[in-house]
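The next block holds one structure in the form of structure tokens; read it before the comments.
The values are calculated or read from the model by the stated rules, or taken from the named source; none is laboratory data. These figures come from a predicted structure and were not determined experimentally. Glycine also receives a Cβ, built like all others from the backbone with ideal geometry; neighbour counts cover every protein chain displayed.
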Amino acid sequence: MPKVRIPTPLRQYTNGSSEVQVAGNTAGETLGNLAEEYPGLKAHLYTGDGRLRSFVNVYKDDEDIRYLDGPDTEVSEEDELSIIPSIAGGSAASRCR
Amino acid sequence: MPLKIGAGDVRNIRDHAKEAYPEECAGALVGIDTGEMKIVVDVWRAENTHEDERERRFLIEPLQIKEFEERATERDMDLLGFYHSHPDHPAEPSEYDREHAWPYYSYVIASVGSDEVKDMRSWLLKDDRSGYDEEPILG
């Protein structure tokens with residue numbers, strides 16, 4: 001099964017594990033199975049309508065899957081996916097015109 | 001869980017916020033999580049790479065986060081959270097902050113004006129993402 005590396009902020013939902021093995025033939029399938037197996041992850045990985053949150057970056061080895069085939073990126077038994085955060089935010093200031 | 005930040009690191013965050021004004025600054029909080037307290041040992045500046053509107057938005061790229069994680073691990077430390085500034089706005093998380101936040105990380109926000117940092121508070125995203133719990137900052 002492919003490996004998924006779990007970033008620090010999500011390890012509380014994977015019993016402290018920094019790496020888990022989850023079945024899946026594509027990145028999307030693997031992440032979906034990950035969220036099913038560790039339900040505490042779901043709200044932090046996905047929006048309410050089931051899309052991966054924009055600040056959740058998924059790498060297959062060293063490549064961001066956005067530049068591969070996105071959720072359809074194929075993964076094999078030997079592949080490793082990494083969930084790597086972007087950190088973003090900002091004030092409630094009005095947009096400059 | 002309280003967040004302990006020494007005077008030197010508080011000063012470093014304040015200096016960064018003032019230098020970046022009127023844009024938002026951002027950086028990492030690095031240290032030790034004892035299980036009862038997070039103790040910040042160092043703060044590392046990051047580049048705000050938000051494409052535009054950096055007066056009200058910040059972004060730290062994933063590969064920078066990955067580098068911070070690796071650097072912290074090499075030093076047997078943890079990435080405890082991040083700081084950023086709110087130019088001319090309160091040190092409270094916005095809705096935009098909440099939409100983009102990660103659990104576990106402490107989010108220190110510095111409210112900065114043209115001449116000084118007015119306030120600094122720390123926040124932890126609730127598990128259900130509905131809001132934040134404020135964390136006391138200990139000196």
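The table for this structure:
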quantity: Residue match in the stretch A:35-56 (condition: under 10 Å from the mean Cα position of the chain (by Cα), under 25 Å from B:Gly27 (Cβ atoms), at pLDDT 95 or above and among the small types (Gly, Ala, Ser)); calculated: no
quantity: Residue tally, condition in a strand (DSSP E or B) and either touching a residue at least 40 places away in the same chain (Cβ under 8 Å) or more than 13 Å from chain B (Cβ to nearest Cβ) (or both), over the stretch A:53-97; calculated: 8
quantity: Residue within the stretch B:18-25 that is within 18 Å of B:Tyr104 (Cβ to Cβ) and either touching a residue at least 24 places away in the same chain (Cβ under 8 Å) or touching a helix residue (DSSP H, G or I) at 6+ places or on another chain (Cβ under 8 Å) (or both) present; calculated: no
quantity: Members of the stretch B:78-128 found to be more than 8 Å from every other protein chain (Cβ to nearest Cβ), out of contact with any Lys or Arg (no Cβ under 8 Å at 6 or more places or on another chain) and among the polar types (S, T, N, Q), listed by number; calculated: B:Ser85, B:Ser114, B:Ser122
